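Working notes for the structure below.
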Amino acid sequence: MNPTDIIRKYYPPYSKAHYFLIHHSSLVAKKALELAQGVSYLKPNLEFIEEASLLHDIGIFLCNAPKLGCSGHKEYVCHGYLGRELLDREGLPRHALVCERHVGMGITVEEIKTNNLPLPLREMIPVSPEEKIICFADKFYSKNEHDLLHEKPLEKVREVIRGYGEGKLKLFDEWSQLFGLL
């Protein structure tokens with residue numbers, strides 16, 4: 001399986017959306033592979049991590065995100081489950097789960113209900129070591145054109161995560177310890 005071939009099916013090369021997706025996802029893949037090396041005792045599947053990292057945001061083109069060159073009709077928070085649907089159709093169910101579960105620090109059914117999010121009512125929480133590694137790595141890179149190629153410092157990431165609530169920050173700090181960053 002070649003992630004680049006799948007990306008090309010949905011993103012015209014040299015398009016703005018392709019540019020953001022490729023650069024962001026490549027950096028996330030690099031960070032995820034570095035993190036995986038630090039937790040080798042968990043036996044993470046490095047090939048899967050690289051593939052799934054490159055595909056984790058494949059659903060963004062279906063969302064309304066003009067700054068990213070995406071003109072879909074769904075809210076950006078939907079890109080995870082939309083990516084899951086797309087990769088399920090491609091016959092990649094494990095990769096699909098990474099798409100759905102990487103948004104935020106994962107999203108619970110309770111959070112979907114409480115915040116009236118336009119998402120299917122199901123748990124969207126990273127479960128496997130690979131899902132957690134990719135979710136965590138993703139937090140260090142934005143798709144902002146000014147910061148696209150720069151890794152955010154840990155404290156900046158913590159500030160963003162704090163906006164999701166103290167429970168999410170606690171989880172992020174636990175993962176930071178797991179990955180040797182705290």
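Just one of the numbered conditions (1) part of a strand (DSSP E or B); (2) buried (at least 21 other Cβ atoms within 10 Å of the Cβ); (3) of a type outside the set (A, V, I, L, M, F, W, C) is not true of residue 64: (2). Within segment 129-150, residues that are touching a residue at least 24 places away in the same chain (Cβ under 8 Å) and of a type in the set (Val, Ile, Thr) have Cβ atoms under 8 Å from residues that are part of a loop (DSSP other than H, G, I, E, B) and surrounded by 14 or more Cβ atoms within 10 Å (Cβ to Cβ) in these pairs: 133/39; 133/44; 133/179; 134/56; 134/102; 134/126, counting only partners at least 6 apart in sequence or on another chain. With the condition kept exactly as written, say whether any residue in segment 151-167 is modelled with pLDDT under 95, of a type outside the set (Ser, Thr, Tyr) and either surrounded by 23 or more Cβ atoms within 10 Å (Cβ to Cβ) or in a loop (DSSP other than H, G, I, E, B) (or both). Yes, segment 151-167 contains a residue that is modelled with pLDDT under 95, of a type outside the set (Ser, Thr, Tyr) and either surrounded by 23 or more Cβ atoms within 10 Å (Cβ to Cβ) or in a loop (DSSP other than H, G, I, E, B) (or both). Report, by residue number, each residue of segment 9-33 that is within 19 Å of residue 88 (Cβ to Cβ) and either modelled with pLDDT under 95 or of a type in the set (D, E, K, R) (or both). Across segment 9-33, the qualifying residue is only 9.
Of all residues in segment 1-28, those that are of a type outside the set (S, T, N, Q), more than 17 Å from residue 145 (Cβ to Cβ) and in contact (Cβ under 8 Å) with a residue 40 or more places away in the chain total 5. Give the residue that is modelled with the highest pLDDT, with candidates limited to residues of segment 41-63 that are among the aromatic types (Phe, Trp, Tyr) and farther than 14 Å from residue 92 by Cβ. Selected residue: 61. Is it fair to say residue 69 is under 23 Å from residue 144 (Cα atoms), touching a residue at least 24 places away in the same chain (Cβ under 8 Å) and of a type outside the set (A, V, I, L, M)? Yes; evaluated as a whole, the condition is true for this residue. Identify all residues within segment 72-92 that are of a type outside the set (D, E, K, R) and closer than 21 Å to residue 117 by Cβ; write none if there are none. Result: 72, 73, 76, 77, 78, 79, 80, 81, 82, 83, 86, 87. Do the conditions hold for residue 72, that is, is it modelled with pLDDT of 95 or more and under 23 Å from residue 137 (Cα atoms)? Here the answer is no, as residue 72 does not meet what is asked. When segment 82-94 is filtered for residues that are surrounded by 18 or more Cβ atoms within 10 Å (Cβ to Cβ), more than 11 Å from the chain's Cα centre (by Cα) and not hydrophobic (A, V, I, L, M, F, W, C), only 84 remains.
The values are calculated or read from the model by the stated rules, or taken from the named source; none is laboratory data. Computed from a prediction, not measured in an experiment: that's the story for all the values here. Note that we place each Cβ from the backbone using ideal geometry, even for glycine, and neighbour counts take in every protein chain shown.
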